[in-house]
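The values are calculated or read from the model by the stated rules, or taken from the named source; none is laboratory data. This one's a predicted model, so the numbers in the text were calculated from it and none came from an experiment. Cβ placement follows ideal geometry from the backbone for every residue including glycine, while neighbour counts extend to all protein chains displayed. Protein only, heavy atoms only, side chains kept; ligands, DNA and RNA dropped before computing areas. Shrake-Rupley method; radii C 1.70, N 1.55, O 1.52, S 1.80 Å.
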Amino acid sequence: MLKDQTAIVGIGETRFAKRLEDTEWALACQAIKAALDDAGIDPSEVDAMGCFNQETTPEFDIARSLGFGDVHFFNQVAHGGGAACGVLGQVAMAVACGVANVGVVWRSRKRGDPSKRQWAGVQPRIADHWKWSRPHGLLRPVDEVAVTMRRYMHEFNVTREQLATVALSQRAYANNNPKAIMADKTLSLDDYLSGRMISDPLCLYDNCLESDGAIALVLVRSTDVDRHQQPVYLHAFSQGMSPQHQLMTDYHGHNPLQSSSWTTAANLWRQSDIQPSDIKLAQIYDAFSPMILYCLEAYGFCGRGEAAAFIADGGMSQQGRLPVNTSGGSLSEVYLHGMNLLTEAVRQLRGEAANQVAAADSCLVATCDSTPNGAVVLRR
C-alpha cells in the first residue's frame, strides 16, 4: 500500500551555523517555506504535518504563520535521532491512504545556545530508566555509545585508526560542500588521534556538531507529481524497537551490539524490491561515529565485525562500494537530528549533490542505531 505511492517533491534548508540569531519558530517557517517554494506548492494546500516531539513550536503556530488551510493529519515522533524517518514515513502513510494530500515534515533546532543542551545538567533524583546506567557513570549518550564501541573493538580487533575513517571520510565530503559548517576545516589522521578524548575510545571528532538550523521536506501522492520538482519516491519504510530496548542502551537484551536497527532492517528489506546489493549510497545517522559501523552490519552491507575493514578500505568514500553521508553528515555538515541525511538523499537522487555519486538511483536513509528508530529506501 505504501510502496512508491508517495514522493518527496520539495526540500528546504536554512543556513547552518554554530549559532544563529533566529528563533526555532522562525527557522522552522523559513525551511518549510523554502521546501514549498522548491515544490511549487502554495502553503494553503498543505493538509498534513509531521515533526519531532522535541519541537518547541506547536504545529498550530507553524500552520497559522505560514497560511496553511484545513489540516487533516498531524503527528509527532519521539526518540530524537531515531525520529526523522518515522516522521517522514508516517506522513507518507497518511498521504498514500488518502487521509491528506500534501504533507510537510520538519526539524528546527538551536543547540549552539548552551541552555538548549539537554545533556548539560543532571537530575537531582533519577526515577526513570536512566537509573540503571547513570549511577555507574554513563551520564551522556556518548558514554553509552563508548561502552558498546569498546566492546565492539575488543570482539572484532578494531583499531582507532580504522574508526577514524568515519570522521575523515565525512570531513572530506564536507570540505566539498559549501553549506557544511566544517566546509573550510580539514581533518587529518594525526588531528584525529590527537583530538581531545570525550569518552574513551571516542574523541572530539567522533561526536556530532552543536549547531543551529532547520530542514523541511514536502510529500505528495505519486499520482500528483507531474506539476512539481523531480520526484524522489518513498519505496519502503519501517520503524523498529527491539525487545528490552531503552532510549540509548540495549544492555538488557541478549546482545548489546544488536540494536533496534536489526529489527528495522529486517522489516524494511521484507517490504522492499530494492535490496542491500542494489543500494547505490546510504545516509546513516551519525551522532557518534560507531553508529556507521553498527548500521552497515545491521542493514546487510557487510558481515558481523566486518564494518571497520569495509570503511578502512575506502568503502564509504565517493568512489567506494557504498558512499555514506555524502554531505558530511552530523559530524561535519550540521547536526539536526539526522534530517540533513534526508535532504542529501533527495539531492543525490535528483543529481544535484555537491559530492554527486555516479548512477545514484536508490538510497537508504537510516536513523539512530542506539534508540528506537526508523529507515526508508528512496529511489529516483
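General observations
- Test result for Arg171, open to solvent by 30 Å² or more (accessible area, probe 1.4 Å) and in a helix (DSSP H, G or I): no
- Residue-level check: of (1) in a loop (DSSP other than H, G, I, E, B); (2) open to solvent by 20 Å² or more (accessible area, probe 1.4 Å); (3) of a type outside the set (Phe, Trp, Tyr); (4) in contact (Cβ under 8 Å) with a residue 24 or more places away in the chain, Ile198 misses just (1).
- Segment 3-14, residues that are more than 18 Å from the chain's Cα centre (by Cα) and open to solvent by 10 Å² or more (accessible area, probe 1.4 Å): Lys3, Asp4, Gln5
- Evaluated against (1) open to solvent by less than 20 Å² (accessible area, probe 1.4 Å); (2) in contact (Cβ under 8 Å) with a residue 60 or more places away in the chain; (3) aliphatic (A, V, I, L, M), Ala309 falls short on exactly one condition, (1).
- Segment 357-377, subset more than 14 Å from the chain's Cα centre (by Cα) and touching a residue at least 12 places away in the same chain (Cβ under 8 Å), residue nearest to Lys179 (Cα to Cα): Val357
- The set of residues from segment 216-231 being at pLDDT 95 or above and either farther than 20 Å from Phe73 by Cα or part of a loop (DSSP other than H, G, I, E, B) (or both) comprises just one member, Pro231.
- Among the candidates Gln283, Gln318, residue that is more than 22 Å from Asn157 (Cα to Cα), in contact (Cβ under 8 Å) with a residue 12 or more places away in the chain, among the polar types (S, T, N, Q) and open to solvent by 30 Å² or more (accessible area, probe 1.4 Å): Gln318
- Single residue of segment 232-244 satisfying the filter (open to solvent by 30 Å² or more (accessible area, probe 1.4 Å) and in contact (Cβ under 8 Å) with a residue 12 or more places away in the chain) that is farthest from Gln76 (Cα to Cα): Tyr233
- Restricting attention to segment 102-151 and to residues that are hydroxyl-bearing (Ser, Thr, Tyr) and either open to solvent by 80 Å² or more (accessible area, probe 1.4 Å) or within 30 Å of Thr343 (Cβ to Cβ) (or both), the residue that is modelled with the highest pLDDT turns out to be Ser108.
- Top-ranked residue in segment 152-168 [being among the hydroxyl-bearing types (Ser, Thr, Tyr) and outside any loop (DSSP other than H, G, I, E, B); ranked as most open to solvent (accessible area, probe 1.4 Å)]: Thr165
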